[in-house]
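Here is the structure we will look at.
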Amino acid sequence: MKVVKFGGSSLADASQIAKVRSIIEADENRRVVVVSAPGKRRGEDTKVTDLLIQLGDSIQTDGTMDMDTYMKIIDRFRTMAEELALPIGVLETVKDRIDQAIDLVKEQSNNALDTLKACGEDGSALIVSSYLQQSGLQSSYVNPKEAGILVCDQPGGAIVLEESFERLYGLRERNEILVIPGFFGFTPEGQLVTFSRGGSDITGSIVAAGLKADMYENFTDVDSVYCVNPMYVESPKQLTSLTYREMRELSYAGFSVFHDEALIPAFKEKIPVCIKNTNNPSAQGTMIVAELPERESHVVGIASDKGFLNLYVSKFLMNREIGFGRKLLHILEDEGVSFEHAPSGIDDMSVIIRDHQLPPEKEQVVVQRIKEELEVDMVMIERDMAMIMIVGEGMNQTVGIASNAACAFREAGVNIEMINQGSSEVSMMFGVKSSELSSAVESLYRTFFE
Ligand SMILES: Nc1ncnc2c1ncn2[C@@H]1O[C@H](COP(=O)(O)OP(=O)(O)O)[C@@H](O)[C@H]1O
Ligand SMILES: N[C@@H](CC(=O)OP(=O)(O)O)C(=O)O
């Protein structure tokens, strides 16, 4: 049995949904389908999830509904339902559920925004299941509550609860194609909670693990995972296979093609993940597996992401002060700031934080507390940082990778602001100024792949 997830680009309009049907029909093992909300139809379009968030924000800000955005959302579903010639009841159900979620936002009910955000996936699932039925395939819509996807109550950042997997296994009994909306689950008390953005990949992996599927196929809009984000290099090398560890590091550091948290459930059950293209399903795609035979080159990918800051702290004899690191991180914890990395020296420590975690008002409080409570010599915040991650199994036992990378930075004329090597067995991380990111990535690509 295969679990198949289709991303927003695969569900953007009626013609994409027709491709989805052909893919499902082409392989009888594709029995469980997880869908995202309709994505962008072209470059400057807006994803339905973003429209729903915009709508929710408008209601929360001034209590009135932004009718223009509301109509855009309904029209996306209406056009699809009409072009696919679905029964009128399908669109009515989609609209009713959106209207009910809007009422919850107006009433300021718990998790109302998550309920509204989830309407994109829910609408896609209703439309796809109805279209499959109309095409003569036995198919049903299955809500994540019915499927048994239980999560903790962390709005916009759900984490799956262990008992979900056993509950999901029961779906194997059903002898039809099941269409499950991605991106959300329910708390044991019945509250809807969404995963973080891009989280339908996570639903697909949870469902594949629960069902003990033979494979988790993730359909998107590229033929494979490339060794570098195609935004930086034209037609980069395609990757036919990767390990779970490699893909997790690469997606964490900017390979947005697959959610970094989505690998964990599949990895635990050793279910192979295959990334494929809805617009070119015969292309081989990229297989993600537990282990791979030895390769010639140890660097498989270069990932990068902007939007970081460096909180730099210096204090003479920091290395002798028991508990300094803990106290520094405790201040961040106290202020509700999560951190990404914390490389340290003898008298200095850097804490790398996602920019949005530390807005200017919070920055002031954190800096003041560090000065007063830790009596540091210096505290400084450097914004506009980017991280570059070089990833590959076996890299840490290979001589010369760091020196080749350093040469690539030198050739691009880019200063390395920070290096983190050795914390992970499969990656090496560099911090650079955001403005220098693309020239650094291009130079690293030339060094390792050309
Ligand atoms: N290394 C990479 N390999 C392939 N695609 C990548 C990579 N890094 C970023 N991407 C981007 O990820 C996109 C697919 O992810 P996403 O937009 O979330 O698709 P979907 O709508 O199917 O969920 C690609 O169109 C590509 O621009
Ligand atoms: N629709 C949600 C969840 C998701 O996974 O979407 P996509 O598959 O289009 O990345 C989002 O935009 O975040």
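Readers should treat all values here as calculations from the given coordinates under stated rules, not as data from a laboratory. Everything quoted here is computed from the prediction, not taken from an experiment. Using ideal geometry, Cβ is built from the backbone for each residue, glycine included, and neighbour counts are taken over all protein chains shown.
Structure values in brief
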item: Amide H partners (placed H, <5 Å) of residue 301, local residues excluded; result: 391
item: Length released on extending from residue 355 to residue 143, taking residue separation times 0.36 nm less the Cα-Cα span; result: 72.8 nm
item: Inverse of mean 1/r across different Cα pairs in region 354-450, Kirkwood, Å; result: 15.4 Å
item: Cα centroid separation, region 196-229 to region 41-114 (Å); result: 25 Å
item: Within region 1-115: Cβ-based charge dipole about Cα centre, in debye rounded to nearest 20 (Lys, Arg +1; Asp, Glu -1); result: 620 debye
item: Most mobile listed residue (400, 148, 120) in the chain, GNM with C-alpha springs under 10 Å; result: 400
item: Beta bridge orientation in the chain: antiparallel %, DSSP, nearest 5; result: 60 percent
item: Placed amide H near residue 45: partners under 5 Å, 5+ positions off or other chain; result: none
item: Label-reachable residues, region 339-365, where backbone N falls under 12 Å from a point 7 Å from residue 373's Cα toward its Cβ; result: 365
item: GNM flexibility winner over the chain from 409, 219, 339 (Cα, springs under 10 Å); result: 339
item: Charge dipole (debye, nearest 20) of region 54-154; +1 at Cβ of Lys and Arg, -1 at Cβ of Asp and Glu; result: 260 debye
item: Leading residue at positive end of dipole, the chain (Cβ point charges), from 188, 65, 242; result: 242
item: Candidates 286, 64, 278, ranked by Gaussian network fluctuation over the chain, Cα under 10 Å, top entry; result: 64
item: Mean projected area (nm²) of the alpha-carbon convex hull when region 1-71 is viewed from all directions; result: 5.8 nm²
item: Dipole axis of the chain (+1 Lys, Arg; -1 Asp, Glu on Cβ), positive-most option in 157, 290, 74; result: 290
item: Karplus (6.51, -1.76, 1.60) ³J(HN,Hα), θ = phi - 60°, over region 87-102, in Hz, Gly and Pro reported as x; result: x, 4, x, 5, 5, 4, 5, 4, 5, 4, 5, 5, 4, 5, 5, 4
item: Charge dipole (debye, nearest 20) of the chain; +1 at Cβ of Lys and Arg, -1 at Cβ of Asp and Glu; result: 860 debye
item: With Cα atoms, 0 to 90° folded angle of helix 401-412 axis to the chain main axis; result: 90 degrees
item: Extension gain (nm, one decimal) between residue 60 and residue 75, 0.36 nm per residue minus Cα-Cα; result: 3.1 nm
item: Cα-based reach from residue 5 at 20 Å (exclusive), listing lysines while leaving out same-chain residues under 8 positions away; result: 19, 40, 47, 117, 145, 212, 268, 270, 276
item: Net length gained if the chain between residue 296 and residue 415 were fully extended (0.36 nm per residue, minus Cα distance); result: 39.9 nm
